[in-house]
Amino acid sequence: MNKKTKIVFMGTPLFAVESLKAIHSLPSVDISAVVSTPNKPAGRGLKITSSDVSKYAELNNLKLLQPKSLKSKLFLKQLKEIDTDIIVVVAFKKLPKEVWSIPRFGTFNLHASLLPDYRGAAPINWAIINGEKETGVTTFLINEEIDAGKILLQKKLTISENDNVGDIYNKLMSIGSNLVVETIEKLISNAIKPIEQPMAINYKLAPKIFPVNCAIDWELSVNKIHDLVRGLSPHPAAWTYFKINNQIKKVKILKGAYTSIDSVYEKPELEIINKDLIVKNKTGVYKIIALQIEGKSMVLADNFINGHKNLTL
């Protein structure tokens, strides 16, 4: 009888659950433990909430570890006692060497970009914001640096002109889970030769998204505005201010379309034309399709117009 491969899986959000499911379905693998973040209060009622990965582990009776510190003596002892073959990491914290150096076949991470481009916390967002036509997923061996270890496998994905973060997130979540399985199988059979990431001075980064990154500059070209909106939709969402009946309101723009044309509009102007809500600037026309006033539900622009006639930027 062949010995099963012992896997420790580390992850937190929904993106990681798909990979955990794929590993869990492998008859040749034993998930010795799942590691996720500690439960914490969330929402207005501060109800104690567990991560998506924790919920999956509990639902499927998998051993769950939720250490407050990845360097705690108890946690390190638990990992060493498992005698794991591979640690798989998907959307989790930076691991200390004391952790990633434990497994005999190494610790690898699934990252949602084609490394070395878009190292960092928000690779999907920045790829779309920057107007990339292609992205993908990479598995790589973890080392001391963030997202800089030797590449194991990569899989590419085309980004269409109207794909938003939600679309690409779901596609990469599925593609990534398959790549994780392939990486495990090839590591165990010694069928992968890890490759050093290219040393590039000008590779693109994907830092954490902050509210300032989400503000729309209506002076930008309309195609750049379009990329920003879809690169932040549905979350955290690009935002702007509208003056509505002489009141300033913060508004999230969730979907739009654009037409690039030479225009006489030196300054951006918000207009209602028939049932369309549009912004015109010197590069063309941006049509707002879906939006959300702060504290309200998302609405389509034609419904928004019905209750808000007096609008300016």
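The values are calculated or read from the model by the stated rules, or taken from the named source; none is laboratory data. Just so you know, these numbers come straight off a predicted model, no measurement behind them. With ideal geometry, Cβ positions are generated from the backbone for all residues, glycine too; neighbour counts draw on all protein chains shown. Each accessible area value is taken on the protein alone, full model and side chains, heavy atoms only, with ligands, DNA and RNA left out. Shrake-Rupley method; radii C 1.70, N 1.55, O 1.52, S 1.80 Å.
Points worth noting:
- Two-decimal log10 I(q)/I(0) for the stretch 27-154, as the Debye equation yields it once each C-alpha is a single scatterer, q = 0.20 Å⁻¹: -1.23
- Selected from SER51, MET173, ALA16, residue furthest toward positive end of dipole (the chain; charges at beta carbon): SER51
- Seen from all directions on average, the stretch 179-313 presents a Cα convex hull projection of 12.6 nm².
- The heavy atoms of SER177 present about 10 square angstrom of accessible area, all protein chains included, probe 1.4 Å.
- Dipole in debye (nearest 20) - the stretch 106-166, about Cα centre, beta carbon charges: Lys, Arg +1; Asp, Glu -1: 180
- Positive-end residue of ASN190, LEU270, ALA257, charge dipole of the chain with Cβ unit charges: ASN190
- Along the chain, longest interval not containing exposed GluC sites (Glu not before Pro), exposed being DSSP loop plus at most 14 other Cβ atoms within 10 Å: 1-143
- Under 17 Å from the Cα of LYS21 - aspartates and glutamates, other chains or at least 8 residues apart: ASP30, ASP52, GLU58, GLU182, GLU185
- Multiplying the residue separation of SER160 and VAL264 by 0.36 nm and removing their Cα-Cα distance gives an extension gain of 34.5 nm.
- Dipole of the stretch 49-156, positive direction: furthest Cα of PHE92, LEU79, THR139, with charges on the beta-carbon: LEU79
- Cβ-placed point charges (K, R +1; D, E -1), dipole of the stretch 1-61 about Cα centre in debye, nearest 20: 120
- Mean-position separation - Cα centroids, the stretch 97-119 and the stretch 246-310, in angstrom: 43
- Helical contribution to [θ] at 222 nm, DSSP H n ≥ 4, -39,500 (n - 2.57), averaged over the chain, rounded to 500: -7500 deg cm²/dmol
- For the chain, the share of DSSP beta bridges that are antiparallel, to the nearest 5, is 70%.
- Accessible area per residue for the chain is 53 Å², calculated with a 1.4 Å probe on protein heavy atoms, without ligands, DNA or RNA.
- Computed in the context of the full set of protein chains, the accessible area of the chain at 1.4 Å probe radius has 53% of its extent on carbon or sulfur.
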